[in-house]
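Report on one structure; see the data block that follows.
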Amino acid sequence: MYRFLLTPRWWGINVFVLLAIPFCVFMGSWQLSRFEDRMQDHRSAVTQAATSEREAARPLDEMLPVDKATSGRQVTATGRYDRQLLVPDRELDGRNGYYVLTLLRTDRGEALPVVRGWLPGSPDPAKAPAAPKGEVTVTGALQASETPGDNGVSAQGGLPAGQTAAISAASLVNLVPYDVYDAWVTLARADSGMTAVPASAPADSGLDLKAFQNLGYTGEWFVFAGFVVFMWFRLLRREVEFVRDAELGLVPDEDADEGEGRGQDQQRMTV
């Protein structure tokens, strides 16, 4: 009765099933490993953020370039404050406000963007405290340059003079006549009248939409594998029923004509 499994048609079906199931399982396992990696990165980022606050600050140049290992670490830099900018649409503790960003000119000539604090409401240069005069040494958490459109960073253009949507070297070099570090620092203690901005987790290390997409894709691939098995058994059952009905003479003429090819294949296998 099961000789039809050796016909060319069923050889094709069987080969497809034997290839599709391992592929679906492999892809599901890979997506699951990606989710687990993001979980581990998230745990590492939380642990690093907690330990970084207790670590002694290190010179800025020793911690560059910014990566997952150095993001959030405490650094120090010395220089003189120069131009001040406001970064609108930044939330803190559920309230909308803006960052006060001041460029620190270092001895190397490059400027380090320093977030001196957060203020509630709409950006207002009159409310933003002026930066200290003279040479200062700042201490804060090192952060990677932001990418407009990612992680809630606004990609809005056409902002008023004195504002920037993203804290990034690519954006700031168009606003000042000197080089800017490809990094920024948020002060551990905000200047007077402002709230300190906590360090954010490194890119691709949080439980964001991408992480849960990986988890969703994991389920989809395993469902696909189960669907392939289900369809194989369903086709097998229909074929067995057809062969049984044909042997009992219960197949209508039109169905018999369609199944003639199957019968001929089965006769060849019998011979």
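Just so you know, all these numbers are worked out from the coordinates, no wet-lab data involved. Here the structure is a predicted model, which is why all the values come from computation and not from measurement. Virtual Cβ from ideal backbone geometry, glycine too; neighbours counted across all protein chains shown.
Values computed for the structure shown
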{"item": "Potential lengthening between Arg234 and Arg3 on full extension [0.36 nm per residue; Cα-Cα distance subtracted]", "result": "81.5 nm"}
{"item": "Bins of 10 Å from zero: percent of alpha-carbon pairs in region 72-200", "result": "13, 49, 34, 3"}
{"item": "Estimated inter-spin distance, Asp37 and Asp245, nm [label 7 Å along Cα→Cβ]", "result": "5.1"}
